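Novice: Structure incoming, see below.
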Amino acid sequence: MHDENTEDRQGVLDEHFLRLALTEAGRGAEEGEVPIGCLLVKGNRILGRGYNRMESLRDPTAHAEILAIGAACQALENWRLDGCTLYVTLEPCPMCAGAILNSRIGRIVFGARDKRLGALGSTYDILRDNPLHREVQIKGPAMEEECLAMLQAFFREIRSRKKAVSTDLAEDVAGGPGLK
Ligand code: ZN
């Protein structure tokens, strides 16, 4: 098989799984959570899903990535996620980047950049600078417009209801396209 074909195929799969991560994010939005979704995949098999649930679980660590990693570890009955790819709609924060390193995930595809807290190059570069010298492949931003659009729509909706937003992310995405 030619490399180019393999790359094309991987690109199609990445888009497919990132869309499913967006569906997870949408579930969060329906529950009033900041919509960020995540999927863990190994060999095209989905091992774990998650969306941000900080409000409903009253837990600042209940990020989409942490919940999806936990679900995948339960499914595999193993905390080592070697060979897994993590798909997430927003660039992971330092906490999640740490969890990605600890769980030995080999590849990450992320949607939109997080210019305030992004730990895959936007503010920090935790996975490339990691002292464990683990190799983690990073692809992103990918489908950034779509991933950002979901966050922007969520904050726009909240603002229109004049609800208090208790997250810094609201300010960040408010500065993005289409929300001036
Ligand atoms: Zn996080």
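Derivation of every value follows stated rules applied to the coordinates shown; laboratory data play no part. Here the structure is a predicted model, which is why all the values come from computation and not from measurement. With ideal geometry, Cβ positions are generated from the backbone for all residues, glycine too; neighbour counts draw on all protein chains shown.
Novice: Can you pull a Stokes-Einstein diffusion coefficient for segment 84-143 at 4 °C (1.567 mPa s), Rh from Kirkwood over Cα pairs, as a whole number of µm²/s?
Specialist: 117 µm²/s
Novice: Output the Kirkwood hydrodynamic radius of segment 14-55, Cα pairs only, in Å rounded to one decimal.
Specialist: Values: mean 1/r = 0.0978 Å⁻¹.
Hydrodynamic radius (Kirkwood, Cα only) of segment 14-55 equals 10.2 Å.
Novice: Taking a quarter of the surface of the Cα convex hull of segment 1-156, what do you get in nm²?
Specialist: 9.2 nm²
Novice: Amide H neighbours of Ile138 under 5 Å, counting only residues 5+ apart in sequence or on other chains, H built in-plane at 1.01 Å?
Specialist: Ile108
Novice: Over the Cα atoms, compute the radius of gyration (one decimal) and Dmax (the largest Cα-Cα distance, rounded to a whole number) for segment 47-92, in Å.
Specialist: Cα-based Rg and Dmax for segment 47-92 come out at 10.8, 32 Å.
Novice: How large is Rg/Rh for segment 1-89, to two decimals, with Cα atoms and a Kirkwood Rh?
Specialist: Rounded to two decimals, Rg/Rh equals 1.05.
Novice: Semi-axes, largest first, in whole Å: what does sqrt of 5 times each Cα gyration tensor eigenvalue give for segment 51-127? Write down the numbers at each step before the final one.
Specialist: Values: eigenvalues 72, 53, 19 Å².
Semi-axis lengths for segment 51-127 are 19, 16, 10 Å.
Novice: Using θ = phi - 60° and the Karplus relation 6.51 cos²θ - 1.76 cosθ + 1.60, list the HN-Hα couplings for segment 82-88 in order, rounded to whole Hz, with x at every Gly or Pro.
Specialist: 3, x, 8, 10, 9, 10, 9
Novice: Can you give the relative contact order of segment 1-128 as a percent, counting alpha carbon pairs under 8 Å and 6+ residues apart?
Specialist: Answer for segment 1-128 is 19 percent.
Novice: So, one more: Given H placed on each backbone N at 1.01 Å, which residues far from Gly111 in sequence or on other chains put an amide H within less than 5 Å of it?
Specialist: Those qualifying (amide H under 5 Å, at least 5 residues apart or on another chain) are Val88, Thr89, Leu90, Glu91, Ala142.
Novice: Helix-only estimate, please: 222 nm mean residue ellipticity of the chain, summing -39500 (n - 2.57) across DSSP H runs of length 4 or more and dividing by its residues, to the nearest 500.
Specialist: -13500 deg cm²/dmol
Novice: DSSP H helices in the chain with Cα extent of 20 Å or more along the helix axis and mean Kyte-Doolittle hydropathy at least -1.0?
Specialist: Flagged H segments are 3-30, 144-160.
Novice: So if we plug the beta-carbon distance of Asp8 and Arg161 into 1/(1 + (r/R0)^6) with R0 = 41 Å, what FRET efficiency do we get, rounded to 0.05?
Specialist: Working: r = 43 Å, r/R0 = 1.05.
Efficiency computed from Cβ-Cβ geometry: 0.40.
Novice: Take every DSSP beta bridge whose two residues both sit in segment 35-116, then give the antiparallel share in percent to the nearest 5.
Specialist: 65 percent
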